[in-house]
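Right, one structure below, let's go through it.
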Amino acid sequence: MRADSQHAESLAVGNYVFGVDVFRRTTTQFLPVLAGPVPPDYKLGPGDQLVLILTGDLERTYSLPVTREGFILIPQVGQVFVTNLTLDQLRRVLYTRLGKVYSSVRLEPSGTTRVDISVANVRVNQVYVVGEVKQPGAYQISALGTALTALYAAGGITTRASMRSIDVLRLNRPAATLDLYDYLLRGDKSGDLRLETGDVVYVPLRGKRTQITGAVPRPAIYELRRERRWPTWCTRQVASARMPRSSA
């Protein structure tokens, strides 16, 4: 009955709620791109699988998993802490550490061994999606996934959901607010934060709506933007989100 009423609300002539069906389409537009190099701002963490390649006077290849403590272990070099480093930052660290063991490894042009580091496999993060979504609960998504990825994994939003103020909570504090209208109307994903383990995506109830009809490009029901303060009970939402999701 609930699904039927939602379908009727979104598709009925003259009663279409703008954007509410975006997650119902058969699409992969919200899934992260796993092929190719990671973005330059990607921060490494436990579970990532790295490949270290030395070329020149030295020819070496190492497969290096990032441990739960955030280290990689390089033979003859030892442990190197990598958590929260980008690949460029790690590359500089490796030149310094490897240069202490191999004299040919130097950043200067006189160096005869080149260091290259890449991500072979991206880790998986566990995040929580709560509020007005179809299937609230805990989800495992790629570390390249964003708030939109998590919403898609949770089956999308309900017709009662706000599309203008979807919040990401990190360490019990607001980290970002996503306005889906920015994405749908202008392709702006600046508020679509890349998620980390433990993040909570909270979708509140919708605010006031207005209906636009007549000779306009997009006749529909629209939610009005509002200034909303993070609720004082958000900690309870986080606690309930961490409970195991029922398979029913």
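The values are calculated or read from the model by the stated rules, or taken from the named source; none is laboratory data. Owing to the predicted nature of the structure, the values given are computational and were not obtained by experimental measurement. With ideal geometry, Cβ positions are generated from the backbone for all residues, glycine too; neighbour counts draw on all protein chains shown. Keep in mind that these areas ignore ligands, DNA and RNA; they rest on the heavy atoms of the full protein, side chains included. Shrake-Rupley method; radii C 1.70, N 1.55, O 1.52, S 1.80 Å.
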ARG218 fails exactly one of (1) under 17 Å from VAL22 (Cα atoms); (2) at pLDDT 85 or above, namely (2)
Verdict on VAL129 being among the aliphatic types (A, V, I, L, M) and either at pLDDT below 95 or open to solvent by 10 Å² or more (accessible area, probe 1.4 Å) (or both): no
Of all residues in the range 119-136, which are farther than 19 Å from LEU178 by Cβ and part of a strand (DSSP E or B)? VAL119, ALA120, ASN121, VAL124, GLN126
For the range 65-88, state whether one or more residues are in a loop (DSSP other than H, G, I, E, B), in contact (Cβ under 8 Å) with a residue 60 or more places away in the chain and surrounded by 13 or more Cβ atoms within 10 Å (Cβ to Cβ). no
Looking only at the range 186-206, count every residue that is part of a strand (DSSP E or B), of a type outside the set (A, V, I, L, M, F, W, C) and at pLDDT 95 or above and tell me the total. 1
Among (1) open to solvent by 40 Å² or more (accessible area, probe 1.4 Å); (2) in a strand (DSSP E or B) - the single one TYR183 does not satisfy: (2)
Flagged pairs (Cβ under 6 angstrom, 6 or more apart or on separate chains; first in the range 14-30, over 12 Å from LEU151 (Cα atoms) and surrounded by fewer than 19 Cβ atoms within 10 Å (Cβ to Cβ); second at pLDDT below 75 and not charged (D, E, K, R)) are ASP21/SER10
